[in-house]
Amino acid sequence: MTSIASVTLEVDDSAAAQNFYDATFKLGSQLRLRASEAPTTGFRGFTLGLTVSQPADVTSLIDTALMAGATSLKPASKSLWGYGGVVQAPDGTIWKIATSAKKDTGPATGAIDETVLLLGVEDMKASKRFYVEQGLTVAKSFGGKYAEFAPGDANQVKLALYKRPGLAKDLGVPDDGSGSHRVAVTSSTTAFTDPDGFTWEAFSSTPAHP
């Protein structure tokens with residue numbers, strides 16, 4: 001079964017980005033960094049989502065990220081589905097932190113229950129079919145708007161697809177953008193590029209950051 005071992009963010013300053021993530025989300029082997037000068041403007045077409053157990057953890061993670069230099073795109077707030085907010089890291093990556101719980105059951109723990117790579121796609125049907133052909137298993141699907149794939153195990157990053165305009169709207173940013181996505185996916189499969197230009201790389205035990 002194809003699974004995501006880690007996500008590599010391509011950043012202008014790998015040392016600064018490493019300092020930011022060491023101080024904030026602490027995702028261990030799920031997140032890698034490497035320097036890149038590839039041109040990129042506007043929305044990069046993806047977000048990384050962190051699912052936590054309660055609103056206190058959403059607030060704690062967002063506050064920590066803002067103190068470390070992130071920018072608020074959507075302040076944490078309640079919604080029909082739970083509680084969440086969106087920030088943009090200094091390297092430009094957009095992060096959504098959310099929970100389905102609406103009430104706290106205790107103090108914030110800082111624990112992250114799930115990491116999700118959410119890709120904005122132009123043609124949901126074609127992209128979903130493409131990933132099924134690469135060996136991923138659909139776990140949830142909502143017509144032509146959203147699809148979610150089963151991770152290889154609980155410690156791996158989950159992949160989800162969302163129509164690009166809808167994803168940008170959900171994150172609070174314009175959907176226009178060009179150039180590099182500035183992200184690569186490391187997986188248990190062979191290297192490939194998907195219909196929207198997102199690059200997948202074969203697993204290597206070599207760290208991606210200097």
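The values are calculated or read from the model by the stated rules, or taken from the named source; none is laboratory data. Just so you know, these numbers come straight off a predicted model, no measurement behind them. Cβ atoms come from the backbone with ideal geometry, glycine included; neighbour counts cover every protein chain shown.
Applying a threshold of 6 Å to beta carbon distances and a minimum spacing of six or more residues, or different chains, the list of pairs starting in the range 144-160 at a residue that is farther than 12 Å from Leu117 by Cα and at pLDDT below 85 and ending at one that is part of a loop (DSSP other than H, G, I, E, B) and not small (Gly, Ala, Ser) reads Gly152/Met1.
Looking at Leu117, is it part of a strand (DSSP E or B), touching a helix residue (DSSP H, G or I) at 6+ places or on another chain (Cβ under 6 Å) and not aromatic (Phe, Trp, Tyr)? Steps first, please.
Working: part of a strand (DSSP E or B): yes; touching a helix residue (DSSP H, G or I) at 6+ places or on another chain (Cβ under 6 Å): no; not aromatic (Phe, Trp, Tyr): yes.
Here the answer is no, as Leu117 does not meet what is asked.
Considering only residues in the range 86-100 that are in contact with a Gly (Cβ under 6 Å, 6 or more places away or on another chain) and in a loop (DSSP other than H, G, I, E, B), the one that is nearest to Val173 (Cα to Cα) turns out to be Pro90. The criterion of at least 2 residues that are surrounded by 17 or more Cβ atoms within 10 Å (Cβ to Cβ) and touching a residue at least 24 places away in the same chain (Cβ under 8 Å) is met by the following strands (runs of 3 or more DSSP E) wholly inside the range 1-85: 4-11, 31-35, 46-51. Look at the range 172-197: where a residue is under 29 Å from Ser77 (Cβ atoms) and in contact (Cβ under 8 Å) with a residue 60 or more places away in the chain and a partner is among the charged types (D, E, K, R) and not in a strand (DSSP E or B), sitting 6+ places away or on another chain with Cβ atoms under 9 Å, you get Asp175/Arg164; Asp175/Lys169; Gly177/Arg44; His181/Arg44; His181/Asp196; Arg182/Arg44; Arg182/Asp91; Val183/Arg44. Just one of the listed residues (Thr99, Thr71, Thr137) is among the polar types (S, T, N, Q) and modelled with pLDDT under 95, namely Thr137.
Any idea how many residues of the range 170-204 are within 16 Å of Val7 (Cβ to Cβ) and either touching a His at 6+ places or on another chain (Cβ under 9 Å) or in a loop (DSSP other than H, G, I, E, B) (or both)?
First, the residues of the range 170-204 that are within 16 Å of Val7 (Cβ to Cβ): 180-189, 191-194, 196-204.
Checking which are either touching a His at 6+ places or on another chain (Cβ under 9 Å) or in a loop (DSSP other than H, G, I, E, B) (or both) leaves us with 180-182, 188-189, 191, 194, 196-199, 203-204.
Summing the residues that are within 16 Å of Val7 (Cβ to Cβ) and either touching a His at 6+ places or on another chain (Cβ under 9 Å) or in a loop (DSSP other than H, G, I, E, B) (or both) in the range 170-204 gives 13.
Screening Gly42, Gly49 for residues that are out of contact with any helix residue (DSSP H, G or I) (no Cβ under 6 Å at 6 or more places or on another chain) and closer than 19 Å to Ser6 by Cβ leaves exactly one candidate, Gly49.
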